[in-house]
Amino acid sequence: MQILLTNDDGIHAPGIRSLQKALTQLGDVEVVAPLSEQSGVGLSITYLHPLMIHQEFESGKHWGWAVAGSPADCVKLGILEFCPQRPDLIISGINSGSNVGINVLYSGTVAGAIEGAFAGIPSIAISAASSFANDTKPDYDRCAAQSIPIIRKLLQDPYPADRLWNLNFPEIRPDWPRGVKWTSLGVKRHFDVMEKRMDPRGRPYFWSGLDPIQNHQLEPGTDIHELSEGFVTVTPLKFDLTDHDHLQSSSPKLSGSEIDLELD
């Protein structure tokens, strides 16, 4: 199996290093990842200037490709240029910090997986929660190892070729993770945070709030709630943003024959 691996924390981040080693159990891994951190860039792509690339080596052997661009750029290049054959699976991660709730719309990690699904390839975004309270970092090696049986299980899912999943590991605590749960996205926020500070010259500047669990409502069955309870969460995603229920409902349809646009 040909696997394309990317992330948004950059090619030298510890999460992608751990995941690359673990994924060799499943197949041949080609790493194509951003040269520098691309957190929060979403599905942005580079088209106003060339994409510069650099080949990475370890112990004198090819390890991957560093791209001066976004995760979506990396996946495009990986599929079209750098993988020896068309990938059978695309993995994005392991991200430092969870990607849950509506934050998946901002996430560069999830965007890398979405770009793979765009191409009709099964794709999985993997993230690991950090503790804001005590600055505890994820155990990337453990998360990578625990990802493998989950990935194997997901690939057995009789779903369309462009299937897409978002996988999150809880923060490090005794007896966590408590298991794996199939969840929906938690899309209801309590509040949004923009912290105002002053620089030494008295000029204001702002930090955007980054804690998805604190800022969202903890509704049972959602990724945010179950992650906060110590479970690994797996959420199936789709990139079609059409409101199909509304589209097919009995509400009035907008058409030229029904609405006078006064084009004269």
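Just so you know, all these numbers are worked out from the coordinates, no wet-lab data involved. These numbers were taken from a predicted model, which means no experiment stands behind them. Using ideal geometry, Cβ is built from the backbone for each residue, glycine included, and neighbour counts are taken over all protein chains shown.
Treat the count of other C-beta atoms within 10 Å as a stand-in for reagent exposure and order ASP88, ASP245 from fewest to most.
The order, fewest Cβ neighbours first, is ASP245, ASP88.
Using a Gaussian network for the chain with springs between C-alpha atoms less than 10 Å apart, which of these wobbles most: ASN95, ASN103, ASN166?
Looking only at ASN95, ASN103, ASN166, the biggest GNM fluctuation is shown by ASN103.
If the limit is 23 Å between Cα atoms, which of LYS188/LYS238; LYS153/LYS188; LYS76/LYS238; LYS137/LYS196 go over it?
Violating the 23 Å Cα-Cα cut-off are LYS153/LYS188; LYS137/LYS196.
Taking the mean number of other Cβ atoms within 10 Å as a proxy for protection, how do you rank 13-25, 106-118, 193-205 from highest to lowest? It would help to have the intermediate numbers written out before the result.
Values: 13-25: 19.6, 106-118: 26.7, 193-205: 8.2.
Going by the mean number of other Cβ atoms within 10 Å, highest first, we get 106-118, 13-25, 193-205.
Beta carbons within 10 angstrom, averaged per residue: use that to sort the peptides 233-241, 40-48, 66-74, highest first. It would help to have the intermediate numbers written out before the result.
Working: 233-241: 15.9, 40-48: 14.3, 66-74: 25.3.
Highest mean packing first, the order is 66-74, 233-241, 40-48.
Just rank LEU247, LEU167, fewest to most, by other beta-carbon atoms within 10 angstrom.
Listing LEU247, LEU167 from fewest to most nearby Cβ atoms yields LEU247, LEU167.
Remind me, relative contact order of segment 1-76 in percent, using alpha carbon pairs under 8 angstrom and six or more residues apart?
Computed over segment 1-76, the figure is 35 percent.
Anyone know which of ILE11, ILE94, ILE102 comes out most mobile in the 10 Å Cα GNM of the chain?
ILE102
For segment 67-183, what does the convex hull of the Cα positions come to per residue, in cubic angstrom?
Spread over its residues, the Cα hull of segment 67-183 gives 126 Å³ apiece.
In whole percent, what relative contact order does the chain give with Cα contacts below 8 Å and a gap of six or more residues?
Worked out over the chain, it gives 17 percent.
Would you mind giving the three semi-axes, in whole Å and largest first, of the ellipsoid equivalent to the chain according to its Cα gyration tensor?
They are 30, 25, 22 Å, listed from largest to smallest.
Would you list TRP63, TRP165, TRP182, TRP207 from fewest to most Cβ contacts within 10 Å?
TRP207, TRP182, TRP63, TRP165
Would you calculate a helix-derived [θ] at 222 nm for the chain, using -39,500 (n - 2.57) for each DSSP H run of n ≥ 4 and dividing by the full residue count, to the nearest 500?
The helix-only estimate for the chain comes to -6000 deg cm²/dmol at 222 nm.
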